[in-house]
1. Averaging sequence separations of C-alpha pairs under 8 Å and six or more residues apart, then dividing by the length of segment 28-74, give the relative contact order as a whole percent.
2. Taking the alpha-carbon set of segment 134-199, what are its Rg and Dmax in Å?
3. Quick one: divide the alpha-carbon radius of gyration of the chain by 2.2 N^0.38 Å and tell me what you get.
4. Using amide H atoms built in the peptide plane, which far-off residues or other-chain residues are under 5 Å from Y430 H to H?
5. Would you grab the residues whose amide H sits under 5 Å from the one on Q232? Only those 5+ places off in sequence or on another chain, please, with H modelled 1.01 Å from N.
6. Tell me, what are the semi-axes, in whole angstrom and largest first, of the equivalent ellipsoid of segment 458-545 as set by the roots of 5 times the Cα gyration tensor eigenvalues?
7. ³J(HN,Hα) across segment 382-398 via Karplus (A = 6.51, B = -1.76, C = 1.60, θ = phi - 60°), whole Hz, x for Gly/Pro?
8. Which Cys residues of the chain have no other Cys Cβ less than 4.7 Å away and so no disulfide-compatible partner by this rule?
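The values are calculated or read from the model by the stated rules, or taken from the named source; none is laboratory data. As the structure is a prediction and not an experimental result, all values here were calculated from the model. Please note: Cβ atoms are built from the backbone with ideal geometry, for glycine as well, and neighbour counts cover all protein chains shown. What goes into the accessible areas is simple: the full protein's heavy atoms, side chains included, and nothing from ligands, DNA or RNA. Shrake-Rupley method; radii C 1.70, N 1.55, O 1.52, S 1.80 Å.
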Amino acid sequence: MSGEWECAELTSITNASNGKVIEGRTFIATCSAAGNPTPSYTWEKPSGTLIQSEKTLTLSNINKNEAGDYICKAVNTLHDGTTPSDTSSVMVDVQYPPESVSTNPEFIGKIVEGSDFTATCSATGNPTPSYTWEKPSGTLKVSGMNLNLNNINRNLAGVYICKAVNTLHDSSTPSDTSSLTVDVQYPPESTSITNASNGKVIEGRTFIATCSAAGNPTPSYTWEKPSGTLIQSEKTLTLSNINKNEAGDYICKAVNTLHDGTTLSDTSSVMVDVQYVPAVSVTAAVTIVEGETLSLNCTVDANPYATVKWTTPSNIDLIEQTFILPSINRIKSGVYTCSATNIFYNSQQGHGSSETTVDVQYLPTVISETTFAGEIGEPAIMNLTVDANPSSTSFSEWVNGNLTLSSKTDTSSSSSVYIDELTEDYFGFYSITASNSVGDVIIQIELKAVGPPEPPNEILILETGYEQLTVKIIPGFHGGDAINILYYLQYNLVNNATDKLWPEDGKGSVNEILTVTGLNDNTTYKFRAYASSSFGDGDISNTFSFKTY
């Protein structure tokens with residue numbers, strides 16, 4: 001009834017957003033109640049903490065910690081002094097965007113290729129956020145807190161972004177993100193070796209080869225021999241001043257350690273081909289007897305294969321590794337050289353050589369006159385000189401039938417006898433045995449009575465012209481006067497009985513070589529010769545024919 005006192009009742013709260021507010025904004029709620037006298041209002045937390053003494057609750061720049069129940073208490077004081085009250089409450093729902101987004105594992109996730117990988121995303125936010133995982137390239141997108149990559153391969157490695165999103169009461173959809181790097185690890189593979197010369201190198205130079213391999217983590221490298229001997233712990237193998245003994249296989253081992261602690265490797269090898277100049281060795285110095293077979297062997301160590309040749313003392317080249325010379329003679333003595341040549345991978349040539357000396361030993365051989373002349377009643381000297389190898393030669397007595405000349409003077413290469421007074425008995429052939437370490441040889445020396453020169457042994461043609469011929473007279477024994485000897489040529493056309501004399505003045509020539517001029521071209525001439533000395537004219541030689549141009 002009018003004017004009656006009534007206690008506060010029917011308390012209610014009004015709020016435009018049904019208790020929802022976005023963090024940082026202002027929350028307003030108005031409390032109202034019936035009552036007489038008009039009620040006063042307070043706002044409290046359920047704990048009894050007084051918040052405001054106003055009809056309208058105003059929470060400016062609200063934060064998430066202020067969320068919760070708020071109780072409006074309406075109070076009035078009746079005339080009897082009592083203070084009845086009535087209450088109503090509102091749940092303040094402070095909404096805020098996703099924040100503190102994190103992943104597990106955090107920042108980076110290591111996984112071995114072929115394994116199953118799982119990552120979880122979490123965040124705070126009101127309302128509770130929803131989640132998506134995606135790669136920046138857009139090649140993958142997954143909804144939900146968990147990222148599951150089964151039987152993972154290296155192509156799935158990279159950065160993954162977790163996005164947390166919620167929808168606030170004003171219909172906005174704020175979000176926050178966190179990233180996770182997925183590190184897909186795998187053992188070394190596709191190990192390969194590069195070298196500019198395909199494994200070839202010349203001895204004394206530097207060999208370089210570089211090893212590379214795929215792998216995560218990045219592999220480390222070692223170089224080993226097949227025996228397991230460690231050579232270098234580098235990606236690049238460097239063999240300075242290399243020698244032939246370092247040739248062979250070299251193995252590059254690429255190694256990494258995965259996050260699970262396993263250590264794995266992969267290998268590749270290169271064959272190092274050390275090329276070098278020929279090393280030549282030959283048979284040691286050879287001593288051989290004339291008439292025997294000479295055999296010289298040349299041993300060559302070379303890479304690549306070398307061509308081998310022998311060069312004789314007379315500079316004749318023979319392309320063979322073993323040099324064989326049947327029935328060797330003394331003029332083949334001297335230095336024999338074996339040389340070898342090879343061609344390296346870069347077209348350069350390698351050369352090597354070695355030499356040996358061949359000493360051909362032989363029996364004593366006469367190098368002096370074998371015919372001497374003397375005059376009865378006069379003294380006579382006969383000298384025998386030999387060439388021998390070894391040179392040391394001994395000589396026997398000079399024997400002519402029953403006559404022996406024991407009085408002689410010998411050296412290591414000669415024997416001389418002196419006769420005080422010649423008689424007829426001294427003429428004839430003397431046999432002398434000359435001996436060296438090779439053996440014995442019997443030499444015949446003839447002693448004749450002095451007389452005219454013997455007929456020339458031969459006439460040789462030296463030079464042919466159109467109107468002249470140059471010939472050489474090969475003398476016979478001079479008959480005891482080698483100083484005063486003169487030579488004569490008789491010549492004419494073949495079948496012509498009349499001979500012409502040359503020199504034309506008929507005085508003879510001290511020279512054995514004569515040039516006959518005034519001849520007809522393309523004509524054959526016959527030649528004979530004789531010699532004269534203080535003992536008279538000698539007999540004429542046989543006939544020899546020569547033709548002009």
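1. Taking the mean separation of contacting Cα pairs over the length of segment 28-74, I get 47 percent.
2. Expressed in Å, the Cα Rg and Dmax of segment 134-199 come to 20.1, 74.
3. Compared with the compact-globule rule of thumb, the chain sits at 2.67.
4. I445, E446, L447
5. Excluding prolines and chain starts, which carry no amide H, the hits are W223.
6. Working: eigenvalues 108, 32, 26 Å².
Result for segment 458-545: semi-axes of 23, 13, 11 Å.
7. Residue by residue, segment 382-398 yields 10, 10, 10, 10, 10, 10, 8, 9, x, 6, 5, 10, 10, 10, 7, 5, 8 Hz.
8. C7, each lacking another Cys Cβ under 4.7 Å.
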